[in-house]
Amino acid sequence: MAPTREELVARHGERYKWLVLLTVMLGSMAAIMSSTIVNVAVPDLSRHFSLGQERAQWVSAAFMLSMTLSMLTTPWLLQRFGMRRTYAGTMLLLLFGGVFGGLSINYPMLLAMRVAEGLACGIVQPIPAIIIMRSFERSEQGRAMGMFGFGVVLAPALGPSVGGFLVEHFGWRSIFFIMVPFCIAVLAMAHRLMPAGARESNSQPLDWRGLLLAAIAVVGILNGLVQARTNPALAALLILIGLACLVGFIVYQLRTSNPLMNMSLFRYPQFAMGALVAFIYGMGLFGSTYLLPVYMQLGLHYAPSRAGLVLLPAGGVLAVTIWLGARLVDRVPTHIVVSAGVALLALSFALMALGSPDTSYLTLMAWAIIGRIGLGLVLPALSLGAMRGVDTGLIAQGSSTINFLRQLGGAIGVSMVGIVLEWRMTAHPAGAGSHGLRAFDETFLLIAVISILAVLAAWRMRAARVGIDTV
C-alpha cells in the first residue's frame, strides 16, 4: 500500500517538499521540451507531409490548443484522483504521445499524438505553482520558484538545440522519442515520493458543459483565424461561433455550482491584471518560439542544428536571470519586475526584425539573450504576483486559470504567426532579392507590438496592488 503524505514527510524530513518539487520540475521540463522541440522540425515536417505554413503551424497549435483546454481540468483531477494518480496518468499519456508520435505514418496521426501530448502537458503545468503556494512558507516561495524555474528554463533552451541536432542527423521522428527517458524517470520518482491520495467519492463532477463551450470557443476562433485569408465568409462565421461560445462559457461559469474557472478570482484586481498580462505575454512568447527556428532555416538558410543552437547561450543566461527574478519578487513591486521583463522581450523581437543575411550569428545570439533576460524576470514574478492575496481555497483554480490564459494566448499567437507569415511570404516572394526576409521582419514586428501591449497591462498591476493593500 502506498505511504501517506505524513509517512513520507517522516521518512524524508524537511527535504521532502523539495524532492516533490524536483519531481514536478522534471515533469514540467518534459512537457515544455515536447512543446518547443518540435518547432525546429517544422520545415522538415512540411516537406515530409507536403504542408504549407498554414497547415504546418497546426503541429504546434494543436498541441497548444489541447494543452490550453486540459489545464482547466487540473483542479478537478487533483480533487478526484489525488496528486499521485493525476501526475502518473499524465506522464503515461505524454509517454504514449511521444512513442506513437515518432511512429506516425501520416499527418492526421501526427496531429492526434500532438493532441495527446498537449492534453498531458496542460494538466501538468499548473501543479508546480500549487505545490509552491501550499507547501512553502511565503519567505521560501521565491527560492522555491527559483529552483523550479532554473530547471524548467533548461527545457526551452535545450529543446531547439537538441531538436536541431536530432532532426539533422536522425530525422524528425527522433524528436518524439527523446521524451521517453524523461517520462520514465518522472514516473519512478512520482511512485516513490507522491502520496496516493484518497479517491474522494463526494467530489464535484467535472463541468463537461463548460469544457465543451470552452473547446468550441477556442477551436472556432483558431480555425476562423486560419481561414481568414482563403475563405473570409467561413472565417467570420467560425469566429462569431467561437465568440458566442466564449460569452456562453463566461455566463455559465458564473451560474454553475462547480465551475471550471471560478470567476470570483477576477474580483481580485491584481489577479485580473496578471491574467491579462499572461494572455498577451503568451501570444508574444509562444508566437516567437514558433517563428524563430523557422526564420533561421527558411529566412537565413541555417541548418537545423545551427538554428536550434542559437538559443543555447540564451538559455544559460535565462537560468541565471531567473534566480535574480525569484529574489526580486519579495523585494521589488511585481509590476516593475514584470514590466521590465516584457519590455526586454519586446526589444528582442524588434531587433530580430532588423536581421539580414549579413547579420552575424553572434548578433542573433545576443538578441536572443536580451529576450531571455526578460523572460527570466517575468517567469517567477507573474504567477506569484497574481496569486498573492487570493484566498487559499482558490489557489488551485487560480494557478490553473493563469496557465490557461497564457496558453490560450500562446495558441492564438502561434496560429496568428503562421497565418501572418504565410500572408507576408505571398506578398514578398523569397525569390525577389531580400524580399523573402521582409515577411519574417514584419511578423517579428507584430510580435513586438503585442509584447508592448503586455507591458502596458503589467504596469496596471501597480494600481491593482495598491487597491488590494488598502482594503
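Structural remarks
- Taking the average, over residues, of other Cβ atoms within 10 Å as the packing measure, peptides 89-97, 246-254, 179-187, 340-348 rank 340-348, 89-97, 179-187, 246-254 from highest down.
- The candidate values are (i) 23.0; (ii) 22.4; (iii) 27.3; the one derived from this structure for Kirkwood radius over Cα pairs in Å carries the label (ii).
- Folded to 0 to 90 degrees: helix 361-387 orientation relative to the chain principal axis, Cα: 30
- Here's the picture: charge each Lys and Arg Cβ at +1 and each Asp and Glu Cβ at -1 in the chain, and of Gly389, Leu92, Ser46 the one pushed furthest to the positive end of that dipole is Gly389.
- Estimated dipole of the chain in Debye, rounded to 20 [Cβ of Lys and Arg +1, of Asp and Glu -1, Cα centre]: 640
- Tensor-based shape of region 264-409 (alpha-carbon gyration tensor, a/c under 1.5 rounded, otherwise prolate or oblate): prolate
- In terms of its C-alpha gyration tensor, region 242-329 comes out oblate, because a/c is 1.5 or above while a/b does not outweigh b/c.
- Evaluated with a Cβ-only charge set (Lys, Arg +1; Asp, Glu -1), region 6-55 carries a dipole of roughly 100 debye about its Cα centre, given to the nearest 20.
- Between the Cα long axis of helix 232-255 and the first principal axis of the chain there is an angle of about 10°, rounded to the nearest 10.
- Helix-only mean residue ellipticity at 222 nm for the chain, each DSSP H run of n ≥ 4 adding -39500 (n - 2.57), per residue, nearest 500: -26000 deg cm²/dmol
- Taking the square roots of five times each eigenvalue of the Cα gyration tensor of region 362-435, the equivalent ellipsoid has semi-axes of 37, 19, 6 Å, listed largest first.
- Applied to region 33-42, the Karplus parametrisation 6.51 cos²θ - 1.76 cosθ + 1.60 on θ = phi - 60° returns per-residue 3J(HN,Hα) values of 4, 5, 7, 8, 5, 6, 4, 5, 8, 4 Hz, with x for Gly and Pro.
- Ordering Arg438, Arg209 by the number of other Cβ atoms within 10 Å of each residue's own Cβ, fewest first, gives Arg209, Arg438.
- Tensor-based shape of region 302-354 (alpha-carbon gyration tensor, a/c under 1.5 rounded, otherwise prolate or oblate): oblate
- Rounded to the nearest 10 degrees, the inclination of helix 107-124 to the longest alpha-carbon principal axis of the chain is 40 degrees.
Coordinate-derived values only; no laboratory data. Note that the coordinates shown come from a computational prediction; the quantities given were computed from them, not determined experimentally. A quick note on method: Cβ atoms are made from the backbone with ideal geometry, for glycine too, and the neighbour counts reach across all protein chains shown.
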